[in-house]
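**Q** Pasting a structure below so you can have a look.
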Amino acid sequence: MSGSNLELWKATYDAETQDQLNDAYKLWCTDYDRDCVQGMGYVGPMTACRMLDTYLESPESRVLDAGCGTGLVGQVLSKHGYGRVDAMDISKDMLQVAKEKDVYNKFFQADMSEPLEVLNDDTYDASICVGTFTYKHVGPEAFNELIRVTKPGGYVCFTIRDGAYQEYGYRKRMHELEADNQWELLEMAKQDYLIKEGVTAKFCVYRVGNC
Ligand SMILES: C[S@@+](CC[C@H](N)C(=O)[O-])C[C@H]1O[C@@H](n2cnc3c(N)ncnc32)[C@H](O)[C@@H]1O
């Protein structure tokens with residue numbers, strides 16, 4: 001990765017405001033895939049999609065890719081045969097790169113930290129969110145909306161970067177939602193995430209409750 005792109009990657013973890021984060025992704029969007037996959041050994045999308053695929057019954061399943069970025073998750077889901085995947089991200093620049101991959105149906109520019117007013121209740125068989133529950137990105141307040149837009153009995157699959165997991169209150173909120181029967185934990189595994197950086201993440205799959 002070039003020195004300036006290394007700075008952009010760091011800038012995404014240091015952003016103090018959503019505007020700063022969006023600016024960093026605007027500058028990084030065209031090099032993001034190469035820098036992450038080849039540069040840092042980013043395997044989050046592959047591992048998370050493989051996990052979700054073991055639970056979904058059909059490639060006809062409707063899936064929301066929340067915090068889709070440039071569409072790495074959509075590309076992997078497409079390789080697994082899923083053709084009904086919608087994309088959502090706050091960054092119009094990342095969404096534009098995702099659009100060019102031709103692996104999604106609908107696109108939504110939305111802030112996951114707020115109510116997702118563009119999406120109806122119980123719409124998706126699964127929501128997947130990879131790489132977005134991390135430092136200075138989206139906090140645990142977003143779990144409720146992923147649950148709301150996913151059908152009862154459907155799945156919410158996500159990664160949380162190790163380090164941020166406890167510090168940002170994800171763990172506490174995950175337990176609260178379990179205690180409230182909003183979702184049930186099916187699987188949580190610590191796995192490689194950015195292999196060349198020695199970074200791991202929690203990979204989680206929950207089943208949405210009938211509430
Ligand atoms: C590290 S990228 C991950 C992208 C993709 N899922 C992947 O695995 O490559 C994080 C993404 O989260 C998006 N993001 C950050 N804050 C957000 C928010 N509040 N709402 C929706 N998306 C957000 C960024 O724009 C960026 O595309």
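**Q** Among the DSSP beta bridges whose two residues both lie in the chain, what percent are antiparallel, rounded to the nearest 5? Let's see the in-between values first.
**A** Numbers: 18 of 34 bridges.
Given both bridge residues lie in the chain, the antiparallel proportion sits at roughly 55 percent.
**Q** Using θ = phi - 60° and the Karplus form 6.51 cos²θ - 1.76 cosθ + 1.60, what ³J(HN,Hα) does each residue of the stretch 171-177 get, whole Hz, x for Gly and Pro?
**A** With coefficients 6.51, -1.76 and 1.60, one gets 4, 4, 5, 4, 5, 4, 5 Hz.
**Q** Ignoring ligands and nucleic acids, what accessible area does C157 show with a 1.4 Å probe (Å², nearest 10)?
**A** Rounded to the nearest 10, the figure is 0 Å².
**Q** A further question follows. Which residues does the label zone of D111 cover in the stretch 1-35, counting backbone N under 15 Å from a point 7 Å along Cα→Cβ?
**A** The answer is 16-23, whose backbone nitrogens lie closer than 15 Å to the label point.
**Q** At a probe radius of 1.4 Å, what is the per-residue accessible area of R148, in Å² to the nearest 10?
**A** Accessible area, nearest 10 Å²: 60 Å².
**Q** A further question follows. Which whole-Hz ³J(HN,Hα) couplings does the stretch 35-46 yield from phi under the Karplus relation 6.51 cos²θ - 1.76 cosθ + 1.60, θ = phi - 60°, glycine and proline marked x?
**A** 5, 6, 6, 6, x, 10, x, 6, 10, x, x, 4
**Q** Quickly work out the K101-to-R34 label distance, labels modelled 7 Å from Cα along the C-beta direction, and quote it in nm with one decimal.
**A** 1.7 nm
**Q** Relative to the Cα centre, what is the charge dipole magnitude of the stretch 1-53, using +1 at the beta carbon of each Lys and Arg, -1 at the beta carbon of each Asp and Glu, and rounding to the nearest 20 debye?
**A** Working: 4 positive and 9 negative charges, 45 e Å.
For this selection, approximately 220 debye.
**Q** Lys and Arg at +1, Asp and Glu at -1: add these up for the other residues within a Cβ distance under 14 Å of R62 and post the number. Please report the intermediate quantities before stating the final value.
**A** On the way: positive: R84, K106, K151; negative: E57, E60, D65, D86, D121, D122, D125.
So the environment of R62 carries a net charge of -4.
**Q** Right, something else. Can you tell me the alpha carbon radius of gyration of the stretch 42-208 divided by the globular rule-of-thumb value 2.2 N^0.38 Å? Before the final figure, lay out the partial values.
**A** On the way: Rg = 14.4 Å, N = 167, 2.2 N^0.38 = 15.4 Å.
For the stretch 42-208, the normalised Cα radius of gyration comes out at 0.93.
**Q** GluC sites (Glu not before Pro) within the stretch 106-193: which are DSSP loop residues with at most 15 other Cβ atoms inside 10 Å? Intermediate values should be presented prior to the final figure.
**A** Details: sites: E117, E141, E145, E167, E176, E178, E184, E187; in loops: E117.
Counting only loop positions with at most 15 other Cβ atoms within 10 Å, the GluC sites (Glu not before Pro) in the stretch 106-193 are E117.
**Q** With the full set of protein chains in place, find how many percent of the accessible area of the stretch 42-208 is carbon and sulfur; take the probe as 1.4 Å.
**A** Working: 3110 of 7130 Å².
Answer for the stretch 42-208: carbon and sulfur cover 44 percent of the accessible area.
**Q** Hey, which of these cross-link pairs are over 26 Å Cα-Cα: K79/K99; K79/K172; K79/K202?
**A** Values: K79/K99 16 Å; K79/K172 34 Å; K79/K202 23 Å.
In this structure, K79/K172 exceed 26 Å between Cα atoms.
**Q** What does the extension gain come out to for D121 and H175, with contour length at 0.36 nm per residue minus their alpha carbon separation? Working shown, then result.
**A** On the way: separation 54, 0.36 × 54 = 19.44 nm, distance 2.24 nm.
Gain on extension, D121 to H175, equals 17.2 nm.
**Q** Continuing with the same structure: Can you work out the accessible area per residue across the chain, with the rest of the protein chains kept in place, probe 1.4 Å, in square angstrom? Please report the intermediate quantities before stating the final value.
**A** Working: 9640 Å² over 211 residues.
Accessible area per residue, the chain: 46 Å².
**Q** ³J(HN,Hα) across the stretch 89-102 via Karplus (A = 6.51, B = -1.76, C = 1.60, θ = phi - 60°), whole Hz, x for Gly/Pro?
**A** Values, residue by residue: 7, 7, 8, 5, 6, 5, 4, 4, 5, 4, 4, 5, 7, 6 Hz.
The values are calculated or read from the model by the stated rules, or taken from the named source; none is laboratory data. Being a predicted model, the structure only gives us computed values, none of them experimental. Counting neighbours? That spans all protein chains shown, and the Cβs are built from the backbone with ideal geometry, glycine included. Side chains included, ligands, DNA and RNA excluded: accessible areas come from the protein's heavy atoms. Shrake-Rupley method; radii C 1.70, N 1.55, O 1.52, S 1.80 Å.
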